[in-house]
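Enquirer: I am attaching a structure below and will ask some questions about it afterwards.
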Amino acid sequence: MKIQNNGFLSLEQLQDQYLNQNRQVKNDVSKNSVLSFQDILSQKTIKPEISEVKFSKHAANRLADRNIELSKEQVERLNLGMARAGAKGINESLVIVDSLAFIVNVPNQTVITAMDQTDSDENVFTNIDGAVII
C-alpha cells in the first residue's frame with residue numbers, strides 16, 4: 001500500500017479505515033450478545049424507580065395555609081400514587097392519601113394543589129383524567 005503525504009487518503013487507506021471499523025463493531029456486538037434470556041428479561045421487567053414528587057409554589061402555599069404537614073410515609077405513598085397514575089397513562093391525577101387530596105401533574109411529577117378533604121365542602125375535583133387512592 002502506498003501512503004500519500006498530500007493530505008488526502010488513498011483508496012486503500014479509506015478501505016482499511018472503514019473495513020476495520022466494521023470489524024470492531026461486529027466484535028463488540030458479538031461480545032454483548034452473550035446475555036442470557038434471564039438477563040434480558042430482568043432488564044425489561046425492572047420496575048422504574050419511583051421519582052420524588054415536587055410541589056408547586058401554589059401547592060406549598062396551600063399546605064402552609066392549611067397547616068398540613070406530610071410525614072415521610074405519606075410522601076412515599078404520594079410518590080407511589082404518582083407512579084401508578086403514570087403507569088396507567090394519566091396526566092392530571094387526583095391522589096388521595098389518608099384524608100389529604102392532591103392534584104398531581106404526572107408528566108412533570110409536580111403537585112399542583114393540595115387540600116384536606118375536610119376543608120372541601122363539595123368534594124368536587126375538576127380537570128383530572130384519573131384518580132388514585134392510596
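Coordinate-derived values only; no laboratory data. All values derive from a computational prediction rather than experimental measurement. Note: ideal-geometry Cβ built from the backbone for every residue, glycine included; neighbour counts use all protein chains shown.
Enquirer: Between Gln117 and Val75, what is 0.36 nm times their sequence separation minus the Cα-Cα distance? Round to one decimal in nm.
Expert: 13.4 nm
Enquirer: Report the label-to-label distance for Arg66 and Tyr18 in nanometres (one decimal), using points 7 Å from each Cα along the Cα→Cβ vector.
Expert: About 6.5 nm separates the two model spin labels.
Enquirer: Still on this structure, I have one more. So if each residue of separation counts as 0.36 nm, and I subtract the Cα-Cα distance between Thr110 and Val34, what length gain in nm does that give?
Expert: Extending this stretch completely gives an extra 23.3 nm.
Enquirer: I've got another one for you. In whole Å, what three semi-axes, largest first, describe the equivalent ellipsoid of region 93-134 built from its Cα gyration tensor (square root of 5 times each eigenvalue)?
Expert: Numbers: eigenvalues 55, 23, 17 Å².
Over the Cα atoms of region 93-134, the semi-axes work out to 17, 11, 9 Å.
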